[in-house]
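Structure, as structure tokens:
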Amino acid sequence: MYRLIIKELFRSKVVILCMVLVAVLGILGLLIGKQFLDRQEVTTEQVADYQQEHIQRNVTYHSDDLGLLLYYIKFALINEPDKLAALSIGQSDVNPNVRQVTIRNLEGQKYDTDLVNPSSLQAGNLDLGFVIIHLFPLLIIVLTFNLLSEEREAGIWPLITVQSKSRFYYIAKKLLIRVVAVLAIYLLLFVVAIMLLQLPVNTTLSAFFLLGMGYLVFWFTLSFLVVSFGKGSSYNALTLLSLWLVLSILLPSGVNSFLTNRYPVPEALETMIDQRDGYHKKWDTNKRETMEAFYDHYPQFASYGMPPEEGFNWLWYYAMQQMGDDDAREATLAMNKKLEQRESASRMFAWVLPSMHVQLAFNQLAGTGQSDHLRFLEATDRFHERLRMDFYPKIFETQAVSSVDWESLQPKIYKKEPTVDWLAVQLPVWGGALILLAVSLIRFGRLRHREGW
């Protein structure tokens with residue numbers, strides 16, 4: 001029986017073409033992911049070379065004034081992507097993985113970004129995550145929409161009734177063979193991914209693999225449920241395509257639009273204006289007022305005293321720069337809170353939207369989501385603060401430029417430690433699949449009773 005069902009499945013050239021197409025697009029997604037990782041690696045190497053060349057050039061030009069030299073010098077913090085990012089690029093194409101900052105006010109530098117072709121951003125990335133979330137369900141629909149109706153419309157259902165011990169088991173065998181065929185393609189793509197991208201087989205990759213497999217099983221059970229109503233092929237195809245459109249495109253887009261309006265971030269512009277005003281207005285403000293605010297923030301520097309009211313002084317200048325960050329602090333915290341609320345709300349909606357959940361979970365496992373970018377910005381805050389605490393005393397004490405070992409100042413690496421919350425990652429898709437399977441079995445029971453199987 002299995003042999004006949006397999007022959008029947010692969011007799012259709014359309015089925016074979018769809019399988020090959022999904023497999024080819026999956027491999028293309030892996031190549032795009034590899035290209036992304038290679039580009040990040042090249043950028044990291046260039047930043048390391050550039051920082052030393054940049055520092056040495058400025059040391060040559062400004063060798064007599066440490067305060068002026070540090071006005072220009074930039075220090076890099078690199079967000080080293082996990083290799084799993086090649087499978088789900090997420091927002092990494094929008095958020096740069098390298099931050100180059102001076103010790104001046106941070107808020108004005110933190111949101112600088114690279115120039116990216118807007119057409120490329122609009123099209124998005126055809127990574128493996130996209131293929132799993134949007135294209136595999138279409139293949140499943142192609143394979144299952146006529147699971148029951150095919151024999152009925154061909155007029156051979158009575159023949160199968162006679163030859164098969166159980167018509168339900170016959171349908172179940174057809175479904176099982178299709179599940180195995182699709183999962184074989186899915187497994188093949190992961191084997192290619194491990195070899196091509198040299199992915200380590202660890203907990204994170206296992207969670208990624210099981211999540212994707214659970215999503216495919218969810219779509220099989222959803223198709224099984226639609227088939228259990230015993231309708232014709234055209235009805236099933238239209239229903240399943242409508243469900244794909246709603247679950248994969250319309251609802252995720254609608255939720256995203258709702259959350260954008262529910263949690264707007266006008267603080268993004270406010271932060272930029274506050275940090276600029278906080279710094280520029282200090283040029284016309286009494287120096288004592290600026291220094292008192294600075295010493296409130298850093299009481300350990302109070303021993304440097306008040307600079308002369310007339311003339312320029314680096315202590316006063318960097319105090320003004322600090323005030324820019326302090327004035328924008330409230331808006332920055334408010335903006336981060338809004339973004340975290342938006343992320344949290346997205347995860348709540350994702351519990352009932354499998355495609356949205358899988359996309360968010362893929363990004364989380366790969367370290368390419370919005371929350372990962374916020375953690376990188378927090379790491380940038382700490383990196384910038386360490387630079388200030390290291391260089392402020394040297395500037396305020398007017399130490400010589402040669403007192404700093406400039407060659408030791410290499411770019412710093414930030415790397416996220418992967419963690420997997422198995423229940424939160426797997427439960428929405430596997431739980432949804434089990435519920436749909438139970439409902440499908442009940443529906444098939446009623447169909448068998450009604451038609452006398």
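The values are calculated or read from the model by the stated rules, or taken from the named source; none is laboratory data. Since the model is a prediction, treat every value here as computed from it, not as a measurement. Because the Cβ atoms are built from the backbone with ideal geometry, glycine has one as well, and the counts that use them run over all protein chains shown. Surface accessibility is based on the protein's heavy atoms, side chains included, excluding ligands, DNA and RNA. Shrake-Rupley method; radii C 1.70, N 1.55, O 1.52, S 1.80 Å.
For residue 102, the residues whose modelled amide H falls within less than 5 Å of its own, excluding neighbours fewer than 5 places apart on the same chain, are 75.
Karplus-derived 3J(HN,Hα) values for segment 243-250, using 6.51 cos²θ - 1.76 cosθ + 1.60 with θ = phi - 60°, are 5, 4, 4, 5, 6, 9, 10, 5 Hz; glycine and proline are entered as x.
How would segment 140-179 be classified by its alpha-carbon gyration tensor: rounded, prolate or oblate, with rounded meaning a/c under 1.5 and the a/b versus b/c comparison settling the rest? Oblate.
Accessible surface of the chain, 1.4 Å probe: 60 percent of it comes from carbon and sulfur atoms. Across the chain, the mean sequence separation of Cα contacts (distance under 8 Å, 6 or more residues apart), normalised by length, yields a relative contact order of 29 percent. Taken per residue, the accessible surface of the chain reaches 50 Å², heavy atoms only and a 1.4 Å probe. Taking the charge dipole of the chain about its Cα centre, with +1 at Lys and Arg Cβ atoms and -1 at Asp and Glu Cβ atoms, the residue from 331, 290, 139 reaching farthest to the positive side is 139. The distance linking segment 23-68 with segment 154-184 is 56 Å (Cα centroid to Cα centroid, whole angstrom).
Our note on the geometry: Cα centres of segment 251-276 and segment 363-389, 19 Å apart. Each residue was assigned an accessible area with a 1.4 Å probe, and for residue 49 the value is about 110 Å². For the set 260, 380, the ranking by accessible area, highest first and with no ligand, DNA or RNA atoms included, is 260, 380 under a 1.4 Å probe.
Sorting 384, 280 by solvent-accessible area of protein heavy atoms yields 280, 384, largest first, with a 1.4 Å probe. Sorting 325, 284, 274, 390 by solvent-accessible area of protein heavy atoms yields 284, 390, 274, 325, largest first, with a 1.4 Å probe.
Measuring with a 1.4 angstrom probe and ignoring ligands and nucleic acids, residue 234 comes out at about 90 Å² accessible. Karplus-based coupling profile of segment 422-428, in residue order and whole Hz: 4, 5, 5, 6, 8, 4, x, with θ = phi - 60° in 6.51 cos²θ - 1.76 cosθ + 1.60 and x standing for Gly or Pro.
For residue 414, nonlocal amide neighbours, meaning residues 5 or more places apart or on other chains whose placed amide H falls under 5 Å from its own, are 78, 79, 80.
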